[in-house]
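Below is one structure, written out as structure tokens, with a few remarks after it.
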Amino acid sequence: AIASEAQMKIYTSGATNILKYPELSSNENASLLLSTFEEKKPLTNLVNDNETGIQVYIGDETPVQSMKDCSIVTANYALGDGMRGTIGIVGPKRMDYEKVVSTLRSLVAQLNETFKNER
């Protein structure tokens, strides 16, 4: 278990890809989203609130206020020795949920298998 937010590490990648979606690229929306990715602290709500398995948050369901115009799909994985991680994909509400969930399931299975074999 993570003892504090200070010990939690959050990595983001591809944040500027949101600018490809008209509904997320308005000056106000883009600025809020990019700030959220940059600050990272609001993202701890996603990690801390995430249950086992895959979670899908659409619009107002998200625990991150600045991401109300987005959809977020998260998945947990275990690294052993009490360490765990969460992978998340952020996109427009019209994202291909079936593809995103399938991709995350595959990635989590690969991570779990990789770290199971390293023990």
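Take the Cα of Glu28, step 7 Å toward its Cβ, do the same at Glu61, and the gap between the two points is 2.5 nm.
For the pair Thr44 and Phe115, label points projected 7 Å from Cα toward Cβ lie 2.0 nm apart.
Of the trypsin sites (Lys or Arg not before Pro) in region 16-114, the ones in a loop by DSSP (not H, G, I, E or B) with at most 11 other beta carbons within 10 Å are Arg94. Here the chain has 49 percent of its accessible surface on carbon and sulfur atoms, given a 1.4 Å probe and all protein chains in place.
Per residue, region 6-109 exposes 60 Å² of accessible surface when a 1.4 Å probe is rolled over the protein heavy atoms with every protein chain present.
Across the cross-link table entries Lys41/Lys116; Lys41/Lys99; Lys20/Lys40; Lys20/Lys99; Lys40/Lys116, which are compared at the Cα atoms, the separations over 23 Å belong to Lys41/Lys116; Lys41/Lys99; Lys40/Lys116.
When shorter helices are ignored and each DSSP H run of at least 4 residues is given -39500 (n - 2.57), the per-residue value for the chain at 222 nm works out to -10500 deg cm²/dmol.
When the residues Thr12, Thr74 are ordered by accessible surface, computed with a 1.4 Å probe over the protein chains alone, the sequence from largest down reads Thr12, Thr74.
The values are calculated or read from the model by the stated rules, or taken from the named source; none is laboratory data. What you are looking at is a predicted structure, and each value in this text was computed from that prediction instead of being measured. Virtual Cβ from ideal backbone geometry, glycine too; neighbours counted across all protein chains shown. In case anyone asks, the SASA skips ligands and DNA or RNA and just uses the protein heavy atoms, side chains included. Shrake-Rupley method; radii C 1.70, N 1.55, O 1.52, S 1.80 Å.
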